[in-house]
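Worksheet: the structure to be examined is printed underneath.
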Amino acid sequence: MPLPLQSHDSWGAFYSSVIVHPLAEHALSAGSLSSDDATLITELCHRLDSGEFDDGTAPSRVHGDLWSGNVLWDDQGAILIDPCAHGGHGFADVAALGIFGAPHLDAIIGAYADVRDLNTSQPDWQRTLCLHRLHLLLLHVAVFGSSYRSQTMADVRAALAL
């Protein structure tokens with residue numbers, strides 16, 4: 001799938017037009033999402049485009065595919081492998097780790113929150129992780145089919161409830 005290399009005025013506009021909408025269209029045309037699903041995703045894209053979910057943070061260098069299979073553990077700690085590094089939202093990797101679960105996930109999330117001072121600066125930040133998981137979930141629906149549909153749509157609904 002094409003990934004246009006251009007700047008965007010906001011994270012929400014980027015996320016909607018480059019990630020969420022194209023992946024949802026691909027999944028819809030493949031029959032992995034229903035027209036009702038597409039309606040909800042379009043509603044979410046409108047809210048993303050409006051900037052409603054923008055938090056003013058600058059893009060961060062993210063791993064880009066940080067699921068538990070790309071975190072190896074040894075006696076000294078964690079080793080990250082197979083990066084798809086790019087500039088993205090700082091919550092993307094933490095959200096991705098929660099998709100399939102990860103060893104020590106609570107400790108990882110706690111350390112991330114401490115370093116970014118999130119529990120005091122943005123106390124509800126963990127509620128937004130559903131929004132940041134959509135990239136990988138929609139990619140899985142688009143590529144692997146409807147087996148990821150339920151989890152994806154649960155996160156779409158959770159994001160719409162924010």
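The values are calculated or read from the model by the stated rules, or taken from the named source; none is laboratory data. As the structure is a computational prediction, the values presented were derived from the model and not from experiment. Ideal geometry is used to build each Cβ from the backbone, glycine not excepted, and the neighbour counts take in all protein chains shown. Ligands, DNA and RNA are stripped out before the accessible areas are found, and what is left, the full protein with its side chains, is counted by its heavy atoms. Shrake-Rupley method; radii C 1.70, N 1.55, O 1.52, S 1.80 Å.
For LEU28, the conditions (1) over 17 Å from ALA92 (Cα atoms); (2) crowded, with 16+ Cβ neighbours inside 10 Å; (3) touching a residue at least 40 places away in the same chain (Cβ under 8 Å) are fulfilled apart from (3).
Name the residues in segment 117-134 that are in contact (Cβ under 8 Å) with a residue 40 or more places away in the chain and surrounded by 21 or more Cβ atoms within 10 Å (Cβ to Cβ), would you?
If we filter segment 117-134 for residues that are in contact (Cβ under 8 Å) with a residue 40 or more places away in the chain, which is where we start, we get 122, 128, 131-132, 134.
The answer is LEU131, HIS132, LEU134.
For segment 79-88, taking the residues that are in contact with a strand residue (DSSP E or B) (Cβ under 7 Å, 6 or more places away or on another chain) and touching a residue at least 12 places away in the same chain (Cβ under 8 Å), the one that is nearest to ASP54 (Cα to Cα) is identified as GLY88. The residue pairs whose first member lies in segment 53-77 and is within 17 Å of ILE109 (Cβ to Cβ) and buried (at least 18 other Cβ atoms within 10 Å of the Cβ), whose second member is acidic (Asp, Glu) and modelled with pLDDT of 85 or more, and whose beta carbons are closer than 6 Å, counting only pairs six or more residues apart or on different chains, are VAL62/ASP93; HIS63/ASP93; LEU66/ASP93; ASN70/ASP82.
For segment 22-38, indicate whether the set of residues that are of a type in the set (A, V, I, L, M, F, W, C) and over 20 Å from ASP155 (Cβ atoms) is non-empty.
As a first pass, look at segment 22-38 and keep what is of a type in the set (A, V, I, L, M, F, W, C): 23-24, 27-28, 30, 33, 38.
Going one step further and asking which of them are over 20 Å from ASP155 (Cβ atoms), we end up with none.
No, the conditions are met nowhere in segment 22-38.
Please find, among ALA158, ALA154, the residue that is more than 10 Å from the chain's Cα centre (by Cα), open to solvent by less than 50 Å² (accessible area, probe 1.4 Å) and at pLDDT 95 or above. Criteria check complete, one pass: ALA158.
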